[in-house]
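One structure is given here, and the rest of the page talks about it.
Coordinate-derived values only; no laboratory data. Remember, it's a predicted structure, so these values are computed and weren't measured experimentally. Cβ atoms come from the backbone with ideal geometry, glycine included; neighbour counts cover every protein chain shown.
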Amino acid sequence: MTGKFKVRRDRILFVDFELTCWEDAPPAGEEPEIVEIGLAEIDVSSRLCTRAHSFLVIPERSAISPYCENLTGISAAMVRKNGRPLREISATLKKEWGTANKAWMAWGADRAAILRDCRVKNVENPFSEAFHNLGQQFSFLVGGSSSIGLNDAHRMLGLERSGKIHRGMEDALAAAQVWLALAGRLQSALAGKPVPAAHGLSP
């Protein structure tokens with residue numbers, strides 16, 4: 001059990017948050033907040049990606065800087081046109097993605113960002129407590145003494161990275177690809193079979 005919810009074992013969500021950012025310190029009165037939520041859902045048995053999506057979040061305590069737009073490709077105009085408040089997106093995530101009763105993974109300590117934004121905006125956290133920092137786990141598994149970036153993990157596993165870096169859905173899919181590669185190799189090793197390639201990243 002996680003909180004009052006039973007965590008499903010047939011699906012895993014891979015999540016990435018993009019936050020407002022600046023080349024130097026934030027302007028007075030502004031602070032980083034989530035501006036995009038990217039998700040990729042993996043079917044554990046088939047090792048297939050069943051769906052993936054990106055939600056643009058309207059920032060309330062900061063503006064999208066030129067540096068942030070250049071880094072992520074997310075512009076203020078995009079958010080004005082397609083963005084929604086975090087409260088609305090939170091409700092959609094729980095209703096349509098079942099985030100409250102699924103384990104979820106991210107490449108880093110992303111859980112802190114959603115907890116902070118939900119607390120500040122008085123929004124119920126849509127995600128379960130079953131969070132796993134895949135980046136940290138990968139570093140432990142390979143015996144690294146320091147953190148390993150997602151792109152470095154791809155290179156170490158011989159995977160080809162696709163999609164734009166620093167975009168929510170693409171980074172979520174990239175993290176899922178690492179997990180699929182690790183799961184495939186472990187399952188094959190335990191079964192004494194050849195290692196299959198990671199697959200099924202296009203929903």
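Taken about its Cα centre, the chain carries a charge dipole of about 900 debye when Lys and Arg each add +1 at the Cβ and Asp and Glu each add -1 at the Cβ. Taking only alpha carbon atoms, the chain gives an Rg to Rh ratio of 0.98, where Rh is the Kirkwood radius.
Find which of Gly29, Pro66, Phe138 sits farthest along the positive direction of the dipole of the chain, computed with +1 on the beta-carbon of Lys and Arg, -1 on that of Asp and Glu, about the Cα centre. Farthest towards the positive pole: Phe138.
Computed from label points 7 Å out along Cα-Cβ, the spacing between His132 and Asp152 is 2.2 nm. Given 25 °C and 0.890 mPa s, how large is the Stokes-Einstein diffusion coefficient of the stretch 54-113 in µm²/s, with Rh as the Kirkwood radius over Cα pairs? The Stokes-Einstein estimate is 185 µm²/s.
Among the helices of the chain (complete DSSP H runs), which have Cα atoms covering no less than 24 Å along the helix axis and a Kyte-Doolittle mean of at least 0.0?
Qualifying helices, which must be both long enough and hydrophobic enough, are 168-191.
Extension gain for Arg9-His166 works out to 53.7 nm (0.36 nm per residue, less the C-alpha to C-alpha distance). Descending by average beta-carbon neighbour count within 10 Å, the peptides 26-33, 98-105, 130-137 line up as 98-105, 130-137, 26-33, the highest first. On the principal axes of its alpha carbon atoms, the stretch 112-190 extends 45, 28, 25 Å, with the longest extent given first. Label-to-label distance for Ala189 and Val120 is 4.1 nm, based on points extended 7 Å past Cα in the beta-carbon direction. Mind giving me the FRET efficiency for Asp24 and Ala112? R0 is 25 Å, r the Cβ-Cβ distance, nearest 0.05 is fine. Efficiency for this residue pair is about 0.70. Comparing Ala181, Val15, Gly192 along the charge dipole axis of the chain, the residue lying farthest to the positive side is Gly192, per the Cβ-charge model. Packing order of peptides 85-97, 144-156, highest average first: 85-97, 144-156 (average count of other Cβ atoms within 10 Å over each peptide's residues).
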